[in-house]
Every structure is written in C-alpha cells, then in structure tokens.
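Chemist: Shown below is the structure under consideration.
The values are calculated or read from the model by the stated rules, or taken from the named source; none is laboratory data. Bear in mind the structure is a predicted one, so any value in this text is a computation, not a measurement. All Cβ positions, even for glycine, are placed from backbone atoms using ideal geometry, and neighbour counts span all protein chains on display. For accessibility, only protein heavy atoms count, side chains too; no ligands or nucleic acids. Shrake-Rupley method; radii C 1.70, N 1.55, O 1.52, S 1.80 Å.
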Amino acid sequence: MKVSNESNKLDEPKINKKRNKKSHIKEYAYLKSVLFIVGLIIIIAACDFVFAKEGYVYDILQVLHQGYEVDADGNISEDISSETSGFDTIILGASHGRSAIDPDKIDSVLGTNTLNVCIPGETVKDSYYLLLEAAKSNQIKNLILDVDYQYYLGNQDEGYFEEAFIYNQLSWTSYVKYKYIIDNMNKLDFRNAISKRDVYRHSLCDIKGNIAHRFSKAYLDANIYKLAVEDCGGPYEGKGFFYRLQTDCFDSNFMDSDAFSYDTKVSDVSRKYFEKIKDFCDENGINLICVTSPITPSSYDILHIDEIHVTMSDFFNDYGVTYIDYNKASFDVLYRCDSDFVDAEGHMCGELAVRYSALLANNLSELKNNKDISLILNEVYGGVN
C-alpha cells in the first residue's frame, strides 16, 4: 500500500497538469465562442449600417417612441415638457388606413393626440406587436384598428421572407423584438431574425446614400417630412398621414388577389392575433374601435363587399367589438367616386380622406358621448345594414 500511495503522490502533478490543461482548453473554447458571437454582431451591425435602407418604418417607430415629431422645418411640433406628452390614440392597419385617416381631424374633435401607425403590408399579426411596442412609451387610451379585409380573409401565411420587415426595425433593447423571435422561432428565417437583409441594397450609389442618410439631421430627428417615401403618393401631412394625389391615370387593374376572398371565413392566423389585440386592450383599459375605410365604388360589386360586410360584422360582433364598415356608408353621408381613389383596390386620395376622417371623428365623438352604436350605424349606413 505504501508503494501505491507513493506512486499516486508522484502522479498527482501530472494529473493536476492534465486537469489544468483541460480547464484552459474549455475556457479558451468559451472565449472563442464569445468572440465569435461578438464578431458576428459587429459584422451584422456593419452590414445593416452600410447596406440596409432605412425608411418610413424606422422613422414612424422613432416618432412613436418620442411621443412627438418634428415639422418640415425641423422644429418640435408638440410640447414635450408636458406630463401628458406622448400619443394617447393609435391607428393601426395597412396602406388603406395610412392614406385614409388624418389624425389631425380626430384630434380637433376629440382633443386627443393621435398617431397613424398604418404601414403598407402591415398584417393583423404586425398590428399586435406594434401595439405592444407603442404601449412601452405611450399611455394609450384609444386604438383605432383600420380593418382591411384582405388581411383577414382567405389564407394568411406566416414565415414568408419579408414578414419581419417591421420587427427588424425595432431596437435590440426592446423586449418586443425578443418576444417576436421567441414567439416565431419555428417560422422565421433565422437570417432575417438577426439582420435587415431583406432591405439590403448593394449598388455603390445606394451604399453612399445609406451612409449619408444615417449621418443626416433628418435621420437623427426621424423627420418624415424630409424622407423620400417611395409609395406615399403625395405630401406628408404629419402624424403618419400622407395626402395622396390623384394620378393622371386611374389604375383600374391594380387589385390584390386576396381582395377576392369574399367567400372565405376569417383566417385562423388573423383571428388568433386579433384576439391577442383584444385581450391586450381589455387588460390595459384601451378603447378598441374597428373601422373599414371605404374602397373604390366601381369595385364594390366586383369584390362582393355585401358578403364581406356580413362576414366581418359577424366576426367583430362575436367579440363584442364596435365595428363601423364605411364601405356601407350612404353616399349622402360620404359622397365618393372613382376619381377619389388612385386605384381599383381602394387607396384613397387626400380630398376624400379629409372628409372621411371628419366623419370618422364625428362618429367617434358620438361613441365617446355614449350614443348607441345602432343609431350611429343607422345614420352612417342610411338605414340599410
């Protein structure tokens, strides 16, 4: 036994040396992993900085968190020293809502501070995460959800390449960004989850423009007035509203294929995220109002709006949510013709948008004053539901 003990004592330095070596190898492996991740973050950040084109989505999100925006001259348009600074009313929806609802008309009647966060291509799913993002920095009292039936009916896919185009613009300090990643772990393209590659532009001209824009005062101020928005169709009027101008040629051929989903039920995906929106509003005391902005009159029958109206009305009634479908508005209440739109799908021009927003503001005021919704609908629809 003595020989054995002495032998073990002699081997102890070798054993300890091996253990220390293994420990150093593990520590080195961990260090390499950390350095790899840090290097990856730097490379992706550099690529996003150089190649990713920042635009309207980034700026409107910045305005959303600031609680104010700067005007065309670069001056702050709201009194940010007030304790009530921030937006108490948010409008969510897609491109129809962005060109149809003027927040100034809402504010002038209701005394609110409203921001239109309708973004072209914004799905019901996007609206849910935008609501969470908005609630981080604003005390929201009212949510106006512009309901474009094309984002509710038919097959609403998840996981497509450009899906994360809004979420990608959220700050890495936002919990909503991480929630989006976790919630969609099995749907997202991982490369889109960590970079903005879906908006990368690789030409030398684009690269120069991207870099110059990031160092500009307009970018630092999130000045949408100075931003060249490709699909706006007209001048920016503030608070997320673009006054679209009628073009020389009315586009009678533009109509998304989803517009013809009149004979289908509300998608399970859209239903799931609407329920999340509804639950969040209920839990946080937010007044939820759903509206559908009117589309081009000549498309009314082609797209079977009467059938869609029944489907959507039944859907919102099931959840006990106030819904006004302005496609059914009588022409005495809201006169409109094809020349008030830029295309057959129903993107509204500014002149009609101003009149429509005034009508919407009046109806919201009536709801606020506890007027029965059935009386409001009867007046809007001209006695025909």
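Chemist: Name the residues in the stretch 70-96 that are more than 12 Å from the chain's Cα centre (by Cα) and either part of a strand (DSSP E or B) or at pLDDT 85 or above (or both), would you?
Modeler: 70, 76, 86, 87, 88, 89, 96
Chemist: In the stretch 160-208, what residues are without any contact (Cβ under 8 Å) to a residue 40 or more places away in the chain, over 15 Å from the mean Cα position of the chain (by Cα) and open to solvent by less than 20 Å² (accessible area, probe 1.4 Å)?
Modeler: Of everything in the stretch 160-208, those that are without any contact (Cβ under 8 Å) to a residue 40 or more places away in the chain, over 15 Å from the mean Cα position of the chain (by Cα) and open to solvent by less than 20 Å² (accessible area, probe 1.4 Å) turn out to be 184, 192, 193.
Chemist: Just checking, which of 111, 97 is on the phi > 0 side of the Ramachandran plot and either surrounded by fewer than 22 Cβ atoms within 10 Å (Cβ to Cβ) or not basic (Lys, Arg) (or both)?
Modeler: Going through 111, 97 in turn, just one is on the phi > 0 side of the Ramachandran plot and either surrounded by fewer than 22 Cβ atoms within 10 Å (Cβ to Cβ) or not basic (Lys, Arg) (or both): 111.
Chemist: Within the stretch 251-265, does at least one residue satisfy the condition of being open to solvent by less than 60 Å² (accessible area, probe 1.4 Å) and either under 30 Å from residue 112 (Cα atoms) or touching a Lys or Arg at 6+ places or on another chain (Cβ under 8 Å) (or both)?
Modeler: Within the stretch 251-265 (the criterion being open to solvent by less than 60 Å² (accessible area, probe 1.4 Å) and either under 30 Å from residue 112 (Cα atoms) or touching a Lys or Arg at 6+ places or on another chain (Cβ under 8 Å) (or both)), the answer is no, since none of the residues qualifies.
Chemist: Take the residues in the stretch 137-153 that are assigned to a loop (DSSP other than H, G, I, E, B) and open to solvent by 20 Å² or more (accessible area, probe 1.4 Å); name whichever of them is nearest to residue 265 (Cα to Cα).
Modeler: Filtering first and then ranking leaves 141.
Chemist: Next question, about the same structure. Being within 24 Å of residue 109 (Cβ to Cβ) and hydroxyl-bearing (Ser, Thr, Tyr) narrows it down to one of 311, 322, so name that one.
Modeler: Result of the check over 311, 322: 322.
Chemist: Would you confirm, using the coordinates I've provided, whether residue 222 is open to solvent by less than 60 Å² (accessible area, probe 1.4 Å) and in a loop (DSSP other than H, G, I, E, B)?
Modeler: yes
Chemist: If residue 228 satisfies every condition in (1) among the aliphatic types (A, V, I, L, M); (2) in contact with a helix residue (DSSP H, G or I) (Cβ under 9 Å, 6 or more places away or on another chain); (3) assigned to a loop (DSSP other than H, G, I, E, B) but one, which is the exception?
Modeler: (2)
A quick yes/no check of all residues on (1) in contact with a helix residue (DSSP H, G or I) (Cβ under 7 Å, 6 or more places away or on another chain); (2) surrounded by fewer than 24 Cβ atoms within 10 Å (Cβ to Cβ):
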| site | (1), (2) |
| --- | --- |
| 125 | yes, no |
| 128 | yes, yes |
| 135 | no, yes |
| 158 | yes, yes |
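Chemist: Out of the residues in the stretch 249-269 meeting the condition of being hydroxyl-bearing (Ser, Thr, Tyr), in a loop (DSSP other than H, G, I, E, B) and more than 20 Å from the chain's Cα centre (by Cα), tell me which one is modelled with the lowest pLDDT.
Modeler: Out of the qualifying residues, it is 252.
Chemist: Now for a separate question. Which residue pairs have Cβ atoms under 9 Å apart, sit 6 or more places apart or on different chains, and have a first residue in the stretch 278-289 that is closer than 12 Å to residue 320 by Cα and touching a residue at least 40 places away in the same chain (Cβ under 8 Å) and a second that is assigned to a strand (DSSP E or B) and among the aromatic types (Phe, Trp, Tyr)?
Modeler: 289/323
Chemist: Is the stretch 352-362 home to any residue that is of a type in the set (S, T, N, Q) and at pLDDT below 95?
Modeler: no
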